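Trainee: I am attaching a structure below and will ask some questions about it afterwards.
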Amino acid sequence: MKLLENKVAIVTGATRGIGKGIAELFADQGADVIFTYVSSDEKAKALEHDLLAKGVRARGYKFDVADYKMCETIVADIVKEFERIDIVVNNAGITRDTLLMRMSEEQWDEVMTTNLKSVFNMTKAVQSTMLKQRSGSIINMSSVVGVKGNAGQSNYAASKAGILGFTKSVALELGSRNIRSNAIAPGFIETEMTGALDEAMVQTWRDAIPLKRGGTADDVANLALFLASDMSAYITGQVINVDGGMLT
Ligand code: NAP
């Protein structure tokens, strides 16, 4: 028995890294998967092809998740075609790292709108459908940096900490309708986002992690699967770290 049979999932930012891992695992577990991206057309086409080959319905949508109206329009389209939305993984995110001293207003705004406002946009857009269904699982991708802070990432940390407050508030507002809202806080996950970093520096990070390695997209996807499935039916309002023990 597959864990997500007959469920419809939206995963934002799935052309690469963690989002891609989640989209693939969800499809393996029987979910119809709608995914979003903003620029990688070729990767999106390839992913849509791979997901369809797993025997589920799948569709990639290109739009900026920071755009409120677009989120509303696309979600309305999805509901028309797929008829329900059981799971939303708000995963799309960016970094614009620099010390506060050098941070521009644009760098602050870009990170806050892409990482935090997008979570509001998508959650608002799916809310009425989930309320009608009286069920739903909202999964928001935060970061250990949102829990702990990080020098050189004040914009990113603020966006990821904001996600935690939002996640818990939504859990309180929608719990009575059987809509769950949880956050994942990944530690150092080795994806394209982190692939550009200096290898020697990356090795010192790996050495400092209790499990002595960076995480993989699959490590995060496995938790997303648990939170998306009915196995976590009594879990809401939580922040769960996937960090190899980093914050212990
Ligand atoms: P990634 O490899 O850079 O992938 C980011 C994805 O988001 C891509 O699919 C990208 O689409 C999409 N995206 C970016 N801006 C978008 C926008 N405005 N509208 C729609 N889609 C957009 O990132 P990742 O490393 O997998 O990280 C995924 C999430 O986990 C992020 O929220 C990140 O903050 C969080 N996280 C990552 C780590 C880590 O170590 N990697 C740790 C903690 C938390 P295109 O391909 O079209 O650009």
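Every number here is computed from the coordinates shown, using simple stated rules; none is lab data. Just so we're clear, the structure is a prediction, and the values are computed from it rather than from any experiment. No Cβ is skipped: glycine too gets one built from the backbone with ideal geometry, and neighbour counts run over all protein chains shown.
Trainee: May I ask you to order 136-143, 48-55 by the average number of other C-beta atoms within 10 Å around their residues, highest value first?
Mentor: Numbers: 136-143: 26.5, 48-55: 14.8.
Listed from highest to lowest mean packing, they are 136-143, 48-55.
Trainee: Compute from the Cα atoms of the range 154-248 the Rg and the Dmax, the latter being the longest Cα-Cα distance, and quote both in angstrom.
Mentor: Rg and Dmax of the range 154-248, Cα atoms, are 15.3, 49 Å.
Trainee: For LYS43 and ASP67, what does the FRET efficiency come to when R0 = 30 Å and r is the distance between their Cβ atoms, rounded to the nearest 0.05?
Mentor: On the way: r = 21 Å, r/R0 = 0.69.
The value I calculate is 0.90.
Trainee: By how many nm would the segment from ARG213 to TYR234 lengthen if fully extended, with 0.36 nm per residue of separation less the alpha-carbon distance? Please report the intermediate quantities before stating the final value.
Mentor: Working: separation 21, 0.36 × 21 = 7.56 nm, distance 3.11 nm.
Between ARG213 and TYR234, full extension yields 4.5 nm more.
Trainee: Moving on. Which value in deg cm²/dmol, rounded to the nearest 500, describes the helix-derived mean residue ellipticity at 222 nm for the chain, given -39,500 (n - 2.57) per DSSP H run of n ≥ 4 and division by the residue count?
Mentor: Details: 10 runs with 115 residues, N = 248.
That calculation yields -14000 deg cm²/dmol at 222 nm.
Trainee: Given 0.36 nm per residue, what is the gain on full extension from GLU173 to ARG134 after removing their alpha carbon distance, in nm?
Mentor: On the way: separation 39, 0.36 × 39 = 14.04 nm, distance 1.30 nm.
Once the chain is fully extended between GLU173 and ARG134, it gains 12.7 nm.
Trainee: Using mean Cβ contacts within 10 Å as the protection proxy, how do 161-168, 21-28 order, highest first?
Mentor: Working: 161-168: 19.0, 21-28: 25.6.
For the peptides 161-168, 21-28, the packing ranking is 21-28, 161-168.
Trainee: Can you give the direction-averaged projected area of the convex hull of the alpha-carbon atoms in the chain, in nm²? Present the calculation step by step, with values, prior to reporting the outcome.
Mentor: Numbers: hull surface 52.6 nm².
Result: a mean projected hull area of 13.1 nm².
Trainee: Next question, about the same structure. Please compute the alpha carbon radius of gyration of the range 36-129, then divide it by the globular-protein estimate 2.2 N^0.38 Å. Two decimals is fine. All intermediate terms of the calculation are to be shown ahead of the outcome.
Mentor: Working: Rg = 15.4 Å, N = 94, 2.2 N^0.38 = 12.4 Å.
The value comes to 1.25.
Trainee: Continuing with the same structure: Mind grabbing the base-10 log of I(q)/I(0) for the range 164-204 at q = 0.24, 0.29, 0.31, 0.32 Å⁻¹? Debye formula, identical points on the C-alpha positions, no solvent, two decimal places.
Mentor: These q points yield log10 I(q)/I(0) values of -0.77, -0.95, -1.02, -1.05.
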